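Read the structure below first, then the notes.
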Amino acid sequence: MGENQRKFIDRVNELTGDNVYRCYQCGRCSAGCPMAMEMDYLPNQIIRLVQMGREEEIKGSKTLFLCATCFACQGRCPKGIDIAQIMEAIRHLLEPKGSDFFGPDEVPENLASELPQQVLVSIYKKFAK
Ligand code: SF4
Ligand code: SF4
């Protein structure tokens, strides 16, 4: 494994305060993920890619932005691994955010009052400037 790969793994571990190598790929997280059908890489596959330092593959994955931060995976994980937090850490490491990102004041008022708070928090975590 190269230095850049090791750095990527260290950075994810540092940002999450966890150790991705605790995951032993049982797949329970993916089996309970409500968004799994839409994902290109399942949650456990994202963790495996992090373990292997395959940064570019992960950063091109739509899974990072489909995760609904519902924490179902963490509840099912025998190791209590917080995959939503790992996804967030990887998003943080993405290249500078582009024009697709928006601020809280740009959410239409009628939507802001109707959507569950969890949805808004999840959207802000992924797309806020
Ligand atoms: S937090 Fe994300 S990865 Fe985990 S179960 Fe929910 S949608 Fe799936
Ligand atoms: S449930 Fe936990 S240990 Fe099992 S694959 Fe998912 S993250 Fe890894």
Inset, instruction - Mind checking which aspartates and glutamates have their Cα closer than 12 Å to the Cα of K125? Skip sequence neighbours fewer than 8 apart in that chain. - result: E88
Inset, instruction - Report the residue, chosen from D82, D105, D40, that carries the largest GNM mean-square fluctuation when the chain is represented by alpha-carbon nodes joined by springs under 10 Å. - result: D105
Inset, instruction - Could you work out which residue, out of G75, G32, G17, moves most in a Gaussian network model of the chain, that is, has the largest mean-square fluctuation with Cα springs under 10 Å? - result: G17
Inset, instruction - Would you please report the Å³ per residue occupied by the convex hull of the alpha carbon atoms in the chain? - result: 111 Å³
Legend entry - Modelled label reach - L94, point 7 Å along Cα→Cβ, the range 1-43 residues with backbone N closer than 16 Å: 39-41
Inset, instruction - Go ahead and estimate [θ] at 222 nm for the chain from helices alone: -39,500 (n - 2.57) per DSSP H run with n ≥ 4, summed, over the residue count, rounded to 500. - result: -13500 deg cm²/dmol
Legend entry - Separation in nanometres of the label points that stand 7 Å from Cα toward Cβ, at M35 and V119: 1.4 nm
Inset, instruction - Taking the Cβ of R6 as the centre, find all other residues whose Cβ is under 14 Å away and add up their charges (Lys, Arg: +1; Asp, Glu: -1). - result: -1
Legend entry - Straight-distance crosslink candidates among aspartates and glutamates, where the alpha carbon sits under 14 Å from K7 and sequence neighbours closer than 8 are dropped: E55, E56
Legend entry - Positive-end extreme of charge dipole, the chain - chosen from C29, M39, F65 (charges on Cβ): C29
Legend entry - Relative contact order [Cα under 8 Å, 6+ residues apart], the chain, whole percent: 24 percent
Inset, instruction - Springs between alpha-carbon atoms under 10 Å, Gaussian network over the chain: tell me which of S30, S113, S61 tops the mean-square fluctuations. - result: S113
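FYI, it's all coordinate maths here, none of it is from the lab. On a predicted model such as this, the values are computed, not experimentally measured, just so you know. Cβ sites come from the backbone with ideal geometry, for glycine too, and all protein chains shown count toward neighbours.
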